Amino acid sequence: MKNNNQQSNKTTRTSPPLKGGIEGWLEDENLEKTPASAGVTVSGHSCAKVNQSVIERETTWVEDRNLADKKKPLQNSKNTSRCASTKDNDGSSSALQCATTDKKEIVIKVKNASKIFRIPHKKIDSLRSMFVNMGKGISTYEEFNALKNVSFEVKKGEFFGIIGKNGSGKSTLLKILAGVYSQDEGEVEINGLISPFLELGIGFNPELSGRDNIYLNATVLGLTEKEIDEKFDDIVKFAELEKFIDQQLKNYSSGMSVRLAFSVSIHANRDILLMDEVLAVGDSNFQKKCIDIFEGYSDTNRTVILVTHDIAAVRKYCDRAMLLHNGQMIKIGEVNDVCDEYVMKNMSAQARAELEETERMKEKEKKRERRIEKEQRNKKKIKEKNKITDIRIFDKEGNDLTILTKGDSFLVYVYVSVQKIVADLHVAIQIFDKSTNQMICDNNTARNKFDCDWKIGENVFVLLFNNSMFNQGEIYFKAFLYFEDSRGIIEKFCGEKEELKIIKVKQQEGYGGGIMCIEHKWSKID
Amino acid sequence: MFKELKKHENYKELIWVLAKTDFKLRYQGSVLGYIWAILSPLLLFLVLNFVFTSIFAQAAGRGGPNHYSLQLLVALMLFGFFSEGTTSAMNSLNSKQQLVTKIYIPRWTIIVASTINASMIYIANLLVIIAFFAWYHFLPSFFSFVLFLFFSAVMYIIIVSFGLITAPLILRFKDIGMIWAALLSMLFYATPIFYPLTMLPEWSHKWILLNPVAFIIHFTKESMFEGHYADPIQYALFLSIVAAGFLFSIWVYKKAEPKIAEYL
């Protein structure tokens with residue numbers, strides 16, 4: 001590869017070197033002779049620094065190339081055509097591999113790029129005012145830091161979105177990528193040919209015919225005359241302007257000239273596309289057409305960079321995105337994350353507060369749900385672990401009571417098996433009339449302020465009823481456990497099955513119907 | 001696709017298309033079209049010729065300039081080339097702002113393209129000069145004609161140098177345009193165009209000849225019509241001034257280039 005004919009094709013965007021003189025500079029013989037100009041390096045102030053980095057980079061590519069040569073002999077010709085060669089300081093030139101074949105190559109590499117605009121307090125736009133100001137001796141200006149230390153990389157074939165508010169520096173960044181501005185600090189490296197869509201129809205002139213404008217615009221976009229000749233018919237056809245191509249552009253409708261401009265732009269066929277809000281112009285139909293084409297571009301391994309604040313478009317089409325805010329890169333990575341961040345950043349304070357409020361409510365709700373769920377589990381556990389095992393009714397003598405007579409006293413025993421002690425667990429004993437299922441009396445430990453004093457194992461509660469007033473029929477006893485949960489809901493349970501105890505009541509002499517016999521006495525008032 | 005990659009540096013086409021556009025735009029509206037480009041310096045020539053041949057009529061007999069009309073014509077064409085070229089080169093970036101702010105193309109191509117137009121007019125004017133030479137039955141010596149062509153080329157370099165300096169500068173200082181217009185008319189009189197240098201006092205010659213434009217015009221006339229050439233030291237000085245100016249212009253351009261878009 002030590003071949004002196006192969007000259008440097010690494011072009012820097014600063015103007016060509018002085019030593020070339022008129023011949024080397026004004027005429028582009030050198031450039032014509034060179035092989036592919038795959039790499040374009042945009043340098044800041046110092047050329048030397050960038051060249052240095054180029055050399056370093058290419059040195060590392062030597063190994064890649066050797067590998068690639070062995071691995072993929074077929075692709076070799078392709079790779080060499082894109083390969084950058086550079087002259088070393090001692091004059092020997094070496095051609096080196098510039099693209100790895102296996103992994104996706106990085107086409108745009110921005111490292112710590114910063115851009116500062118100086119905005120003078122008083123604009124000096126003439127020599128006269130400059131002299132006047134020099135007389136005064138001061139010229140003050142403000143520095144506006146449009147970009148601060150932005151670094152990112154874009155790989156080949158990516159659809160990369162750059163979003164941010166107005167004035168966040170995204171257009172400045174795009175212009176730096178396009179080479180219109182040069183960065184004040186940092187490095188920008190671009191491997192490939194750029195087609196900036198900063199504006200459609202750059203160079204279009206209304207006085208010229210459509211034909212002339214195609215040549216003008218396409219040349220500005222970097223096509224050679226021969227290429228334009230070849231593509232001319234396609235361009236016209238795509239724009240659907242066959243009939244009007246020799247008319248002056250000023251006679252075109254705005255739709256026609258946009259179509260023409262767009263047609264030229266997509267036929268320029270470069271491998272990196274920079275788009276700045278282009279999608280904002282034109283009707284929705286046109287926007288869709290743009291997007292469809294650009295999407296196709298990323299399929300053909302071309303890189304698209306979209307600068308916009310149309311979040312929907314970014315979400316829909318971009319593979320990766322970056323958020324700029326006040327010239328700083330806030331976030332880079334997965335599209336949805338970046339977009340969400342942007343939406344947050346971009347909202348008004350009130351909207352943000354509202355969103356945060358809903359967010360908080362949601363969180364609260366979730367917490368509550370979690371708590372309830374936990375409580376439910378807890379409840380279930382309580383119900384499983386604690387249960388009433390038996391109810392028994394005894395008379396005063398301690399015999400099982402089966403028939404109740406008026407005036408008797410009786411005891412209700414409730415047996416509770418406890419495995420998990422719960423502070424608020426209470427016992428209730430209710431008495432029902434069997435024929436009507438009407439509750440006659442309801443007693444529980446909570447209301448009677450009886451301390452249950454739970455212990456693990458069997459707990460036996462005894463409730464004494466004095467002086468029974470039942471008259472006839474059958475009554476039954478129901479016992480259950482209950483506790484109140486955090487929402488104030490009373491949870492009743494008793495055990496595996498509801499324990500009921502039925503007892504007959506002996507019919508009393510001298511009383512009529514009704515289930516109760518309440519002490520009574522007749523009298524008459526004269 | 002890789003073939004396309006090779007060709008993206010289309011400087012030649014760019015310059016050519018930009019120049020063509022300029023040319024079409026400039027003469028499109030006028031009735032006489034492209035003819036006007038040649039006609040306007042010719043009309044100036046006719047007036048000046050009428051006035052000054054009357055003045056120099058007697059002088060011509062007594063060792064005054066030979067073929068005064070032809071001398072005037074050649075000088076006018078050269079100066080016209082200079083003023084036309086410098087003015088359009090100076091305004092080139094300003095008038096093509098879109099090409100500077102919306103896309104990157106090497107900015108010097110815009111400057112050079114704007115000088116192509118003046119060059120084309122100049123070449124057309126050469127035909128007029130040849131026609132006049134035939135009319136007056138005048139045949140310059142071969143060597144003086146070659147020198148004339150060489151001078152024309154140097155003039156072009158001067159124009160480009162001037163453009164490289166002023167085109168970025170006028171974006172910052174808008175009044176350079178007016179200043180240059182005033183300077184041009186001063187230069188018109190300070191250059192031996194319609195008078196022979198010999199008519200000025202002796203001491204002023206070397207100062208006037210330091211101006212490369214005056215040098216070119218003076219020695220074109222001298223070599224063609226009087227058979228008198230500058231001595232090597234004068235040539236060396238002249239060429240080094242032009243070369244220094246050219247290098248200086250590239251230096252200025254390179255310094256200004258990264259900031260050009262911001263000036264707009």
At what distance in nm do the modelled label points of residue A:211 and residue B:207 sit from each other, each positioned 7 Å from its Cα along Cα→Cβ?
-> 5.7
Which value in nm describes the separation of the simple spin-label points at residue A:237 and residue B:38, placed 7 Å from the Cα toward the beta carbon?
-> 4.2
Per-residue mean of other chain beta-carbon atoms within 10 angstrom of the beta-carbon, peptide A:166-176?
-> 1
Name the residues of the range B:216-258 whose accessible area, probed at 1.4 Å, falls by at least 30 Å² once all protein chains are in place instead of their chain on its own?
-> B:246, B:250, B:254, B:258
In the range A:110-131, which residues become less accessible by 50 Å² or more once every protein chain is in place, relative to the chain on its own, using a 1.4 Å probe?
-> A:125, A:127
Per residue of B:170-183, other chain Cβ atoms within 10 Å number on average 2
Using the eigenvalues of the Cα gyration tensor, what equivalent ellipsoid semi-axes result for the range B:128-264 when each is taken as the square root of five times the eigenvalue, whole Å, largest first?
-> 32, 16, 16
Three-way shape call for the range A:386-505 based on the alpha-carbon gyration tensor, with the a/c threshold at 1.5 | prolate
Is there a simple number for the mean count of other chain Cβ atoms within 10 Å of the Cβ of residues in A:221-227, and what is it?
-> 6
Dipole of the range A:386-505, Cα-centred, from +1 at each Lys and Arg C-beta and -1 at each Asp and Glu C-beta, to the nearest 20 debye?
-> 120
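Set the bar at 28 Å for Cα to Cα. Now go through A:148/B:255; A:170/A:289; A:420/A:504; A:175/B:254; A:170/B:255 and name every pair that lies beyond it. Could the numbers behind the result be given before it?
Working: A:148/B:255 23 Å; A:170/A:289 24 Å; A:420/A:504 36 Å; A:175/B:254 19 Å; A:170/B:255 26 Å.
Beyond 28 Å: A:420/A:504.
Based on a Kirkwood Rh over C-alpha pairs, give the Stokes-Einstein translational diffusion coefficient of the range B:2-263 at 10 °C and viscosity 1.306 mPa s in µm²/s.
Values: Rh = 19.8 Å.
Rounded, D is 80 µm²/s.
What whole-number value in Å² describes the accessible area per residue of the range A:426-526 for a 1.4 Å probe?
On the way: 6770 Å² over 101 residues.
Averaged over the residues of the range A:426-526, the accessible area is 67 Å².
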In nm², what is the average projected area of the convex hull enclosing the Cα atoms of the range A:153-351?
-> 12.2
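Buried accessible area for the B:A pair, summed, 1.4 Å probe, in Å² rounded to 100? Walk me through the numbers on the way to the answer.
Working: alone 14600 and 30890 Å², together 40310 Å².
Using a 1.4 Å probe, the pair buries roughly 5200 Å².
Per residue, what accessible area does the range B:2-263 have, given a 1.4 Å probe and all protein chains present, in Å²? It would help to have the intermediate numbers written out before the result.
Numbers: 11820 Å² over 262 residues.
Normalised by residue count, the accessible surface of the range B:2-263 is 45 Å².
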Dipole magnitude (debye, nearest 20) for the range A:153-351, charges at Cβ of Lys, Arg, Asp, Glu | 420
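Would you mind getting the accessible area per residue of the range A:153-351, heavy atoms of the protein chains only, 1.4 Å probe, in Å²?
Working: 7610 Å² over 199 residues.
In whole numbers, the range A:153-351 has 38 Å² accessible per residue.
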How much solvent-accessible surface does residue B:251 expose, in Å² to the nearest 10, with a 1.4 Å probe and all protein chains in place?
-> 140
Which parts of the range A:199-218, residue by residue, lose 50 Å² or more of accessible area when the rest of the protein chains are there, as against the chain isolated (1.4 Å probe)?
-> A:199, A:202, A:208, A:216
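Taking 0.36 nm per residue of separation and subtracting the Cα-Cα distance, what length does fully extending residue A:453 through residue A:119 add?
Values: separation 334, 0.36 × 334 = 120.24 nm, distance 8.21 nm.
Net length gain for the segment: 112.0 nm.
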Can you give the helix-only mean residue ellipticity at 222 nm for chain B, where every DSSP H stretch with n ≥ 4 adds -39500 (n - 2.57) and the sum goes over all residues, rounded to the nearest 500 deg cm²/dmol?
-> -26000 deg cm²/dmol
Of the accessible area of the range A:166-316, with the probe set at 1.4 angstrom, what percent is carbon plus sulfur?
-> 46
Evaluate the distance, in nm, between pseudo-label points positioned 7 Å from the Cα of residue A:350 and of residue B:145 along their respective Cα→Cβ axes.
-> 8.6
Tell me, what % of the accessible area of the range B:2-263 is carbon and sulfur with a 1.4 angstrom probe?
-> 73
The distance between the Cα centres of the range A:400-446 and the range B:187-208, in whole Å, is 135
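The values are calculated or read from the model by the stated rules, or taken from the named source; none is laboratory data. All values reported here derive from a predicted model rather than from experimental measurement. When we count neighbours, we look across all protein chains shown, and the Cβ atoms used for this are built from the backbone with ideal geometry, even at glycine. Calculation scope for accessible area: heavy atoms of the full protein, side chains included, ligands and nucleic acids excluded. Shrake-Rupley method; radii C 1.70, N 1.55, O 1.52, S 1.80 Å.
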